[in-house]
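What follows is calculated from the coordinates using simple rules that are stated; it is not laboratory data. What you see is a predicted model; the values in this text were computed from it and never measured. Please note: Cβ atoms are built from the backbone with ideal geometry, for glycine as well, and neighbour counts cover all protein chains shown.
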Amino acid sequence: MVAEDGVDERCDEDYRSDDAKRCDDADRGAMTVGTEKIEGISLDMSKISDIYLNPSAFANISRLRVLKIFNSHINKVHVPSALETNFLELRYFIWHGCPIKSPLSSFYLENLVKLDMSYNKVEQLWNGCQPLVKLEEVDLSFSSIISCPDFSGSPNLKRLILQYCKYLCEISPSIQYLIKLDFLQLEGCGSLKGIPDCSGLNSLKTLHLSRCSNLEMLPEMPCNIEELWLIGTAIEELPLSTENLNKLQDLSLSGCKRLKSLPSSICKWKSLQRLDIDGCSKLNQLPSDIGALESLEELHVTEDPIRDVPSSFIYLKNLTFLSLIGCKELPLSGFEFFPDNLNCLILSDSGITELPEFLDGCLCSLRMLDLSGSSLESIPASIINLSNLYSLVIRNCKRLKCLPKLQLGDIQADGCTSLEVLPSLSFGLRDYVFIWARFVNCFKLDQNIFEDFVEDALLNIKQVRHSCAEFWYPGSEIPKYFRSVGSFINVELPPNWFNNNFLGFAICVVVSNHPIDFEVECNDDVILMRLKCNFKSKDGHQFVWDDYFGSFVDSNHVFVDFPILPFSLQELLCYENEVSFEFRLDTSSLKIEKCGVHLMFGEEVDGSSWVGEDEDVLSLANVHDNGEEKIEGDTQLIKQQPNIDNQDDIPRMSENCEGIVGRRSRDGEHGSRSGSDNMDDGSGDDQDTAGYPPRKKRYHRQTSANPRT
């Protein structure tokens, strides 16, 4: 039997304060005495307020095998004195923010397999050696311990996590004998000055010592280690034993400001796949034999005083990612030493004033080139020889005046304030499905050219299913394809508009500044724009879909995004009465000047599409000044009356549009709608490589007859 998030809670009047005694019956109290049948207790403290435990709360739960009190980095469980426990059968002891300050020696934890007491207040976990032969994992992250427990009685320990124990001064020598230990996490232990010899830990594969800022000497290393993170440590050199790390795959030395050189034995690291030496300010050269790292895939060299690229560099046949951000001492005379398999090259803030020619066949696999923050005035026309180039990032190249002929899927030119010429820019989808073009604050460009870019992207989108596009550029006019002006529009739809050629909605917004002084630097404030789609059915049910768009925007800019399809086609048919689109900004300094929404169709058999001049498909918008409910803020309302004659088309429509349901987040994931009432998108904390915030979607289902929320 498991008690989960629903334990009986009562107030213990003997020790609660007067304020606590005034709580009503619904307030959280003490956990009642359990029964002999209870084997597990699970409490998600993010959903529960404070609990006041009776000292004997666990005394009679003799069969308890799992105690899990989690999701709280602060103490929410109050214990007046030491607990009376009978934990002879306990296997999993997980208590985040545990308030117990006394050692656990009296808890009788002989059968314990996992101990997780993150954020606890215990200064010493137990006294002496404890016979915990079944113990396999210990996590004391963010705890108050001063010294590491003696683990000589835990020969089967496999994972030891002590990250950010800021008072931890020493590690018990007993860890030298943990022959099964494969993961040791000591990141953020700022008071730690030394680590016992680890050379005998032949099972150890992961060692994290990052941000141990007082750690000057490393222990001798075991030969089987695969991941070694030393970010921000005070080391000056790597120990001699590192030459035997022939299984090392990931070495991170970022921020080791006292590190003077890499060992000459680096050529022996045949398994190394990732090397990070960002911010090693005393490291002024790469090893001459770096080309011997035959498995190396990623090399991060940021803000290092590197002065040259060794000729052996060309032998890094598996290198796909190279970051040279801020390497201002590095001259770039040519790309002949860069390996052919390079996929991503980042040269931002590197002080480059002139790019060498891109010779035919050079960097033939390159898909992403980042030149942001450089002093370039032009880019060689030979960049067209980079046949696989998909993304060009030139943000804040303040002196850049012109771009050559390009065919890309992604160009980010925010803050190129001197940019005047874009002779030829086309978007070919090829094997990618997302077109992204950003020219924020590029006010010297002819604004008329952007409509051609949008049209070119539309032609690609309608030919390649499951693709999408987004544009930000200076301007004050909506492209002609939207046929709409103002913030409030009704659209009369032709019969049978909803067919298997329907791609989604295209949206366009003109953002302008209020008549006050306002300026946003491209590297600073992110302006969020909210799009709320409100679908209403005949019976009054509603479906609300939210999306957020982030950008670094100054005055007068146009935002275009297409196609947007909030959820599955089958469900769209359920809300066939009405749809409204509302746009809002999260700042009072900018406002929505104009906006437009239009239906978007793919290419028909005869080659026609909504982009043409077919008035029946375009359904020219009529601006209504009267008779409509005022929408708060700067908004647009479009009412649509779908007409579906052939219900047999529904399965085909769903099949054809599978994959474009929902908008892509910035990490490339697709959202979808399955018809469930639970509409959380479940997306993770994605990180965007270009520095832009990810999209976030929110879904709500309502039954109100009012279509707006």
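Based on the mean of other Cβ atoms within 10 Å per residue, sort peptides 262-272, 407-417 so the most packed one is first. Display every interim value, and only then the final one.
Numbers: 262-272: 17.9, 407-417: 21.4.
Final packing ranking: 407-417, 262-272.
Taking 0.36 nm per residue of separation and subtracting the current Cα-Cα distance, fully stretching the chain between ASN318 and LYS444 would add 41.2 nm. Bridgeable lysines around LYS134 (alpha carbons under 16 Å apart, same-chain partners fewer than 8 residues away excluded): LYS114, LYS158, LYS180. Here's the picture: charge each Lys and Arg Cβ at +1 and each Asp and Glu Cβ at -1 in the range 310-457, and of ALA457, SER424, SER365 the one pushed furthest to the positive end of that dipole is SER365. Here the range 200-261 and the range 61-128 have alpha carbon centers that stand 33 Å from each other. Taken along the Cα-to-beta-carbon direction at a fixed 7 Å, the label points for SER476 and THR206 span 5.6 nm. Electrostatic tally near GLU354: other residues with Cβ closer than 15 Å to its Cβ, Lys and Arg +1, Asp and Glu -1, net +1. Working from label points 7 Å from Cα in the Cα-to-Cβ sense, the LYS193 to GLU357 distance is 6.1 nm.
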